[in-house]
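Accompanying notes for the structure given below.
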Amino acid sequence: MEKKTDRRVRKTKNQLRTGLARLMKKKNIGQITVKELVDDVDINRSTFYLHYSDIPSLLKEIEDDMIEEIERAILEHPIKIEKDTTYLFIEDLFRVLSDNREIGCALLGPYGDITFIRRIEKFLEENSRDLLAERFPEKFAEMKYFYSFCFNGCLGFIRTWLENGENMPPEYAARLTFQMVVSSLDAFYEDAKENK
């Protein structure tokens, strides 16, 4: 009986996440009401309140789950100078995004949560800063520009892929992203050598 309950809870939470993603494509989180969400997914308000106190608590759980997946990916594939380990992390990340395409579109879209994007940016920077500082000690002061270029470029690529790339497999999207990041890193490295 326990498994049935768990399955029902998962199904309800998935319905709410999907409904919230749909609504976030049209308006920001502060404009979405519980009534609007439960009407959209055809469940009772009382069912919503069994799981969440309000819309922001639902959004927080979604974002925390996504961050947890990113943390898992980076723990399994730590970012290292060797390019293959970085590729494995990027590939894993694209699989996570592919499995969560609808909510990913909403979170990164025009009505998404900028705080969530900043959390991802900070997490990725913290997990690669020391490595890059070790490789490019003379360019440490300029590292913020490199991060900004790579992060925002990758973010734009991911947004486009989430919105339009249903026919592009996550592995291929990861390969393209990886090649662009490596090209940027090589250019940064070349500039560092030339300016020694």
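Quick look at the values:
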{"read-out": "Paramagnetic reach from Ile117 in segment 128-161 [backbone N under 14 Å; point 7 Å along Cα→Cβ]", "value": "148-161"}
{"read-out": "Of all accessible heavy-atom area on segment 1-191, the percent that carbon and sulfur account for (1.4 Å)", "value": "53 percent"}
{"read-out": "Förster radius 22 Å - calculated FRET efficiency between Gln179 and Glu138, Cβ distance, rounded to 0.05", "value": "0.30"}
{"read-out": "Mean separation of Cα contacts under 8 Å, 6 or more apart, over the residue count of segment 1-191: relative contact order %", "value": "24 percent"}
{"read-out": "Sparse-neighbour loop sites [GluC sites (Glu not before Pro); segment 38-137; at most 12 other C-beta within 10 Å; DSSP]", "value": "Glu82"}
{"read-out": "Extended-chain gain in nm, criterion 0.36 nm per residue less alpha-carbon gap, Glu102 and Arg22", "value": "28.0 nm"}
{"read-out": "Segment 1-191, accessible area per residue, ligands and nucleic acids excluded (1.4 Å, Å²)", "value": "58 Å²"}
{"read-out": "Crossing angle, helix 170-194 versus the chain [Cα axis fit, 0-90 degrees, rounded to tens]", "value": "30 degrees"}
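The values are calculated or read from the model by the stated rules, or taken from the named source; none is laboratory data. From a predicted model like this one, the values you see are computed outputs, not experimental measurements. We place every Cβ from the backbone using ideal geometry, glycine too, and count neighbours over all the protein chains shown. Accessible surface is based on the protein model in full, side chains and every heavy atom, while ligands, DNA and RNA are left aside. Shrake-Rupley method; radii C 1.70, N 1.55, O 1.52, S 1.80 Å.
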